[in-house]
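Asker: Below are the structure tokens for one structure; questions will follow.
Just so it is clear, none of the values below were taken in a lab; they were calculated from the coordinates. From a predicted model like this one, the values you see are computed outputs, not experimental measurements. Note that we place each Cβ from the backbone using ideal geometry, even for glycine, and neighbour counts take in every protein chain shown.
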Ligand code: 21W
């Protein structure tokens, strides 16, 4: 049985996460004692009178770099030997479902450090960061929303986080390695738009086979990269 997962987020924009953490499954998981959230603002760890969190890059160049002192102080205020420190960074490793599974199982304390401006002083990364993660190939203004994405994907995997009628992970997209098959519900005809006849056949073997074919066709069309059957995906999309 899992102990409570502590999740701290260090960000200059805690307001971007506050609403998210107080809504929906995050709120429920916290109320149920599965997870405990903390928000820390590096600005609160500054000691100069202007509360400086960033400065110009040595060597020149555009933008600003997040300074060591406030980030070290913020991280060290919550870090224990059991913490995993994760930097949200456009140069990080691409986030995968397997990472969410790992975070939900292997650690009792996650600390997400969100960058801003042009990045974070490398000494923070070298001294305190265990891994760097990106959520995809597009440019955000800061790491706060990316941390929300990781937290959402992780918390829903905590035992007891899904309500009744929880879907087994095995059946889900990205765990099977395929995209999902198309789904339909009542009515059987809407504005002349019909539901595929096979779904009314009652032949569960045939329905299963049709769904697998649909999932495969969709994956070939939209995400051929997922079908690279080398085992590289760590999945079994048969
Ligand atoms: C955007 C930070 C651009 C830095 C060295 C010299 C976290 C993110 C972020 C941001 C730069 C993620 C540079 C997908 C994202 C994030 C803010 C550029 C330029 N470095 N996943 N010059 N996309 N973004 N640094 O943007 O913090 S995870």
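Asker: Is it true that residue 59 is at negative phi and without any contact (Cβ under 8 Å) to a residue 40 or more places away in the chain? Write out each step before concluding.
Answerer: Values: at negative phi: no; without any contact (Cβ under 8 Å) to a residue 40 or more places away in the chain: yes.
Judged against the criteria, residue 59 is not a match.
Asker: For the stretch 179-229, give me each residue that is over 26 Å from residue 97 (Cβ atoms) and assigned to a helix (DSSP H, G or I).
Answerer: If the condition is that a residue be over 26 Å from residue 97 (Cβ atoms) and assigned to a helix (DSSP H, G or I), then 197, 198, 199, 200, 204, 205, 206 are the ones that fit.
Asker: Would you call residue 66 within 10 Å of the ligand (Cβ to nearest atom), in contact (Cβ under 8 Å) with a residue 60 or more places away in the chain and touching a helix residue (DSSP H, G or I) at 6+ places or on another chain (Cβ under 8 Å)?
Answerer: Working: within 10 Å of the ligand (Cβ to nearest atom): yes; in contact (Cβ under 8 Å) with a residue 60 or more places away in the chain: no; touching a helix residue (DSSP H, G or I) at 6+ places or on another chain (Cβ under 8 Å): yes.
The answer is no for residue 66.
Asker: So which residues in the stretch 35-63 are farther than 16 Å from residue 10 by Cα and touching a helix residue (DSSP H, G or I) at 6+ places or on another chain (Cβ under 8 Å)? Walk me through how you get there before you give the answer.
Answerer: Step one: list which residues in the stretch 35-63 are farther than 16 Å from residue 10 by Cα, which gives 35, 47-50, 55-63.
Listed by number, the residues that qualify are 35, 47.
Asker: A further question on this structure: Would you please name the residue that is surrounded by the most Cβ atoms within 10 Å (Cβ to Cβ), looking only at residues in the stretch 108-150 that are over 17 Å from the mean Cα position of the chain (by Cα) and part of a helix (DSSP H, G or I)?
Answerer: Out of the qualifying residues, it is 124.
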